[in-house]
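The values are calculated or read from the model by the stated rules, or taken from the named source; none is laboratory data. Being a predicted model, the structure only gives us computed values, none of them experimental. When we count neighbours, we look across all protein chains shown, and the Cβ atoms used for this are built from the backbone with ideal geometry, even at glycine. Quick note on the areas: whole protein, heavy atoms, side chains included, nothing else; ligands and nucleic acids left out. Shrake-Rupley method; radii C 1.70, N 1.55, O 1.52, S 1.80 Å.
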Amino acid sequence: MEKTVYIFGHKNPDTDAVVSAAAYAKLKELLGYKNYVAARAGHLSPQTEYIFNKFKIKAPEHVSELNPKTAFYMTGGCATVNENSSLWEALKKIDSAQNQVLPVVDDKGYYKSLLHYNEFAKNVLLLMNPEKKTPVTTSIDLIMKTMKAQPIIVKNQAELFKASILVGSSATESFVHKLEQHKSEQMVVIASNRPEIHEQCIDAKVRLLVLTSGHVLSKELRDKAEKNGVSVIISPYGTSSTSMLIAYSTPVIVMADRSIPAVRADDTIGKIKPLLRESPCRCLPVVDADYKVLGVISESDLLREPNVELVFVDHNEASQAVEGFEHYKLLEVIDHHRIGTLSTKNPITFINKPVGSTSTLITGLFRENKISIPLETAQLLLCGILSDTLILKSTTTTDVDREAVEYLSAITNLDPQSLGEEIIRAGSSIVGRGAKEVINQDLKEYAEGKISYSVSQIEVDNTGDVLSRKKEFLDILESSRVASKRAFAALLVTDITKLDSIMILAVDAKYKALFSYPKVEDDVYYLKGVVSRKKQLIPMLTELLASAAD
């Protein structure tokens with residue numbers, strides 16, 4: 001496959017993350033870069049789905065994980081050969097093939113076997129062994145195509161048969177004796193300009209008479225051959241070359257290795273490595289879901305850099321990145337959160353500014369590069385900012401965010417207040433949604449030293465709906481906390497009408513005393529004026545955990 005640069009938000013993406021990925025991919029496209037693809041590691045939240053549906057825009061591709069796969073190391077497609085083609089035709093293709101192997105396919109393009117030099121040499125030695133005459137599976141049609149022969153009389157030319165090859169170079173009496181010995185076989189006789197040999201072949205009703213070096217039959221012998229059902233062709237080559245070419249006229253399926261399995265493009269590298277080691281040519285054909293050939297992968301391909309690179313938007317922490325990201329080169333990070341523990345092997349572009357939304361940063365990049373923002377992209381970016389700043393009411397909101405909203409509103413002719421209220425409502429209802437879905441919708445993992453924890457956030461217009469299901473939410477938080485061995489798991493429920501939050505907390509007993517915030521009820525805390533996870537809650541929790549470490 002061609003190199004692909006995936007643009008990912010965090011693995012449980014909110015609207016800002018998904019919108020930023022889509023908009024940055026569009027910017028890269030307009031700047032002339034190829035193969036930048038917006039992606040998301042998780043499902044769309046109800047709010048994000050509503051936005052993309054509202055503006056009839058296709059959401060970024062769902063790529064749940066990036067564990068190394070066969071497709072990421074393939075260098076491209078490859079030539080194939082039909083199973084009924086001659087070995088000679090196949091060898092002309094394999095000689096120029098990058099991997100020196102050739103997948104053999106049927107008429108519908110489905111993989112059948114693999115032609116490689118090891119198998120080819122083994123089978124050709126059998127055919128060429130002078131001590132053991134091995135019949136050649138072929139057809140008159142394949143013989144003619146291989147040596148570019150001139151047909152004179154041709155019967156049943158497409159029918160495959162096992163041909164016993166006899167060269168008419170000996171004395172007539174000796175030759176007749178050989179014919180008699182092989183009369184029960186399907187004989188192909190190669191003869192030069194020897195009419196007496198030609199006649200003996202015609203009388204014996206051999207399957208095929210091949211005249212070498214352009215020699216022809218007399219009119220009398222031609223009529224006799226026609227009557228006896230003997231096929232006759234003229235080879236432009238001499239006897240030795242003609243003999244060799246007949247051996248190479250066998251269908252490629254006969255010479256190819258049927259023991260080599262095909263692998264799928266989405267098979268993991270861990271799965272195919274043992275198969276590569278067992279393959280005599282250290283190569284494997286790669287097929288799609290329909291078993292049609294996509295290409296070939298070799299052991300040497302695994303030594304190259306994969307055909308995948310990454311850009312992160314709206315996060316810069318390993319714990320929030322798509323699974324398997326560490327196997328690929330990270331090119332850029334564009335974010336507005338705290339700088340986490342992410343490290344890279346190479347220098348990268350790192351843009352991190354204290355604004356209310358990554359969508360604000362992407363809007364700025366369009367303007368800095370003097371690229372006009374397409375209407376659809378402007379609609380998405382406006383929604384991204386309004387969502388992440390709670391319609392510019394969050395404490396994270398800056399003048400840069402406000403100016404970006406004004407600019408995007410002018411492009412889209414949309415009223416920010418009414419649009420913001422519309423999309424906030426679309427994401428605030430939890431009716432009919434399971435607790436696990438709600439918690440995982442926007443879950444982020446954090447670590448302070450050896451202590452790890454998670455904080456999910458949802459925005460609602462009435463916290464009562466959540467409180468009435470407190471036990472359900474607590475059970476999911478606790479099971480998640482225990483399974484991940486975290487100190488605590490929290491759900492921040494932000495009331496968008498009051499700009500306050502409650503926090504439902506499942507916590508390890510030894511850390512419970514740290515939390516002295518006002519309580520609404522057991523395991524539920526009231527956080528007055530707290531609406532931002534990144535700017536308000538996480539710094540508070542960081543300070544708590546620092547005191548615990550002391």
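Are there trypsin sites (Lys or Arg not before Pro) in the range 199-266 that DSSP marks as loop and that have at most 13 other Cβ atoms within 10 Å, and which are they?
K205, R258
Using only Cα atoms, tell me the angle between helix 416-428 and the longest principal axis of the chain; keep it within 0 to 90° and round to the nearest 10.
70
Could you pull out every residue, at least 5 positions away or on a different chain, whose amide H is within less than 5 Å of the one on Q457? Hs are placed 1.01 Å off N in the peptide plane, and Pro or chain starts have none.
Under 5 Å from the amide H of Q457: D442, L492.
Report for the chain the percent antiparallel among DSSP-assigned beta bridges with both residues inside it, nearest 5.
45
Whole-Hz ³J(HN,Hα) for each residue in the range 277-290, computed from phi via Karplus 6.51 cos²θ - 1.76 cosθ + 1.60 with θ = phi - 60°, x for glycine and proline: what do you get?
5, 7, 6, x, 9, 6, 9, 9, x, 10, 10, 8, 5, 8
Taking the simple approach of a point 7 Å from Cα along Cα-to-Cβ for both R367 and D399, what is their distance in nm?
1.2
What distance in nm lies between label points placed 7 Å from Cα along the C-beta direction at E196 and Q417?
Using points 7 Å along Cα→Cβ, the separation is 11.5 nm.
For the chain, what is the calculated [θ] at 222 nm in deg cm²/dmol (nearest 500), taking -39500 (n - 2.57) for each run of four or more DSSP H residues and dividing by its residue count?
For the chain, the value works out to -10500 deg cm²/dmol.
If you place +1 on the Cβ of every Lys and Arg, -1 on the Cβ of every Asp and Glu, and leave all else neutral, what size is the dipole of the range 415-505 about its Cα centre, to the nearest 20 Debye?
Dipole about the Cα centre, nearest 20: 580 debye.
Determine the dipole magnitude for the range 279-430: charges of +1 sit on the beta-carbon of Lys and Arg, -1 on that of Asp and Glu, nothing else is charged, the reference point is the Cα centre, and the result goes in debye to the nearest 20.
240
At 7 Å along Cα-to-Cβ for each site, give me the label-to-label distance between A289 and E305 in nm.
3.1
Pulled fully out, how much extra length does the chain show between N35 and L160, if you take 0.36 nm times their separation in residues and subtract their Cα-Cα distance?
Here the segment from N35 to L160 would lengthen by 40.2 nm.
How high is the FRET efficiency from K498 to R338, r the C-beta distance, R0 41 Å, rounded to 0.05?
Calculated value: 0.95.
Computed FRET efficiency, Cβ-Cβ of K353 and Q150, R0 60 Å: what is it to the nearest 0.05?
It comes to 0.15.
Scan the chain and hand back the longest stretch that contains none of the GluC sites (Glu not before Pro) lying in DSSP loops with at most 14 other Cβ atoms within 10 Å.
With GluC sites (Glu not before Pro) excluded where exposed in loops, the chain gives 160-550 as its longest stretch.
Expressed in nm to one decimal, what extension gain is obtained for the pair A410 and S184 from 0.36 nm per residue of sequence separation less their Cα-Cα distance?
My answer for the length gained is 72.3 nm.
In whole Hz and in residue order, list the ³J(HN,Hα) couplings for the range 202-216 that follow from phi through the Karplus curve 6.51 cos²θ - 1.76 cosθ + 1.60, θ = phi - 60°; x for Gly and Pro.
So the J values, rounded to whole Hz, are 5, 5, 7, 6, 5, 5, 8, 10, 10, 8, 8, 6, x, 5, 10.
Alpha carbon centre of the range 286-301 versus the range 509-550: separation in Å?
If you average the Cα positions of each part, the centres end up 52 Å apart.
Keeping all protein chains in place, calculate the accessible area per residue for the chain (probe 1.4 angstrom), answer in Å².
46
Collect residues whose amide H, placed 1.01 Å from N in the peptide plane, falls under 5 Å from the amide H of V313; neighbours closer than 5 in sequence don't count.
HN-HN under 5 Å from V313: F8, G9, I334.
If you plug each phi of the range 502-512 into the Karplus form 6.51 cos²θ - 1.76 cosθ + 1.60 with θ = phi - 60°, what whole-Hz ³J(HN,Hα) values come out, in order, with x for Gly and Pro?
Calculated HN-Hα couplings, in order: 10, 10, 8, 10, 9, 9, 4, 4, 6, 9, 4 Hz.
Please list, by residue number, everything in the range 52-82 whose backbone N is under 15 Å from a paramagnetic label point 7 Å out along Cα→Cβ of K3.
72-76
Give me the percent of accessible area attributable to carbon and sulfur for the chain, probe 1.4 angstrom.
Accessible surface attributable to carbon and sulfur in the chain totals 50 percent.
Does anyone have the angle between helix 15-30 and the longest principal axis of the chain? Alpha-carbon axes, 0 to 90°, nearest 10?
Between the helix axis and the principal axis of the chain, the angle is about 50 degrees.
Using only Cα atoms, find the angle between the long axis of helix 219-228 and the longest principal axis of the chain, and express it within 0 to 90 degrees, rounded to the nearest 10.
The angle comes out at about 60 degrees.
Please name which of I57, Q157, I260 has its Cα lying farthest along the dipole of the chain towards the positive end, using unit charges on Cβ (Lys, Arg +1; Asp, Glu -1) and the Cα centre as origin.
Value computed over the given set: Q157.
At a probe size of 1.4 Å, how large is the accessible area of T341, to the nearest 10 Å²?
110
What FRET efficiency would be calculated for the residue pair D266, S547, taking the C-beta separation as r and a Förster radius of 56 Å, to the nearest 0.05?
Taking R0 as 56 Å, the efficiency between D266 and S547 is 0.75.
Could you list which residues have their amide H under 5 Å from that of L527, counting only those 5 or more apart in sequence or on another chain, with H placed in the peptide plane?
Under 5 Å from the amide H of L527: S501, I502, M503.
State, as an integer percentage, the relative contact order of the chain based on alpha-carbon contacts under 8 Å between residues 6 or more apart.
Computed value for the chain: 15 percent relative contact order.
Only Lys, Arg, Asp and Glu count, each charged at its Cβ (+1, +1, -1, -1), so figure out the dipole size of the chain about its Cα centre, rounded to 20 debye.
Charge dipole of the chain: 1400 debye, to the nearest 20.
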